[in-house]
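Written out below as structure tokens is the structure these notes cover.
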Amino acid sequence: MVDEGMRRRIALIVPHAHRALMINKAIDHKQSEAATFADTLDGLSAGIFLVDAGCRIVHTNAAGQDMLGEDDFLRSVGGQLVARDLQANRTLREILAADGGDVAIAAKDVALSLVAHDGGRFIAHVLPLMSLARNGVGAAFKAVAALFVRKVELDSGSYGASVARAFGLTPAEQRVLLAIVEVGGVPETAETLGVAETTVKTHLYRVFSKTGAGRQADLVKLAAGFSNPLAS
């Protein structure tokens, strides 16, 4: 049996119990959101690195962890993301060191070209995370940008056909584009495709004309823009 005194004591406890229950539900919801977010990032083939203003790694998806595990063109040194290419590493740090909205300006139209020891080519883009950068508490240790790193692959179905359709490239022009992106030079492309260098130059000139690119490096950026980050 519950007497009046016990009822009063229960009435005092109930609001606290209810508040604790609500907090527990909120924590569970946030944990569920975080897990869903992490699973979504892990489903991408592109390496994704959330970094703070000092280039310290806040979070990395599965593909990014694999890249760091190779200790090749990207490394984790003392918790900081470091590119083996000195120029790319310097550019990345200059972008992240920009204050506030300047990060978005500094990152605009910047694509970092990274090359692995085996010759594999990768391209990286910086996405500013301004909502986190504006958080005043502990901002130095929170992500201010996301670095997306994708491998550029020859004959990749994730971008070759898309680029060809978008710019009206012929099959021969498409093959030259793909070879230039992966191999990187006219002589090497000619050897890879088994054609004369003059033939490669002719098709390359037409590719430049159709796409509006002015350099071979522009074609790498173009191809990366059309590649599918969900491709495995």
Notebook entry, point to check: Separation between the residue 85 and residue 170 pseudo-spin-labels, each 7 Å from Cα along Cα→Cβ, expressed in nm?
Noted result: 3.2
Check: Considering amide H positions built from the backbone, and no H for Pro or chain starts, which residues 5 or more places from residue 195, or on another chain, come under 5 Å of its amide H?
Finding: none
Next item on the list: Please work out the average accessible area per residue across segment 170-229, using the 1.4 Å probe convention, and give it in Å².
Entry: 49
Next item on the list: At 7 Å along the Cα-to-beta-carbon direction for both residue 62 and residue 205, put a label point, then send me their distance in nm to one decimal.
Entry: 4.8
Check: Taking R0 as 25 Å, what's the FRET efficiency between residue 70 and residue 161 from their Cβ-Cβ distance, rounded to 0.05?
Finding: 0.30
Item checked: Average accessible surface area per residue within segment 40-99, 1.4 Å rolling probe, Å² -> 46
Notebook entry, point to check: So what are the radius of gyration and Dmax for the Cα set of segment 161-232, in Å?
Noted result: 11.6, 36
Next item on the list: Would you mind checking which residues have amide H under 5 Å from residue 129's amide H? H placed 1.01 Å from N; only 5 or more apart, or other chain.
Entry: 145, 146
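The values are calculated or read from the model by the stated rules, or taken from the named source; none is laboratory data. If you're wondering where the values come from, they're calculated on a predicted model, not measured in any experiment. Here the Cβ is made from the backbone with ideal geometry for all residues, glycine too, and neighbour counts use every protein chain on show. What goes into the accessible areas is simple: the full protein's heavy atoms, side chains included, and nothing from ligands, DNA or RNA. Shrake-Rupley method; radii C 1.70, N 1.55, O 1.52, S 1.80 Å.
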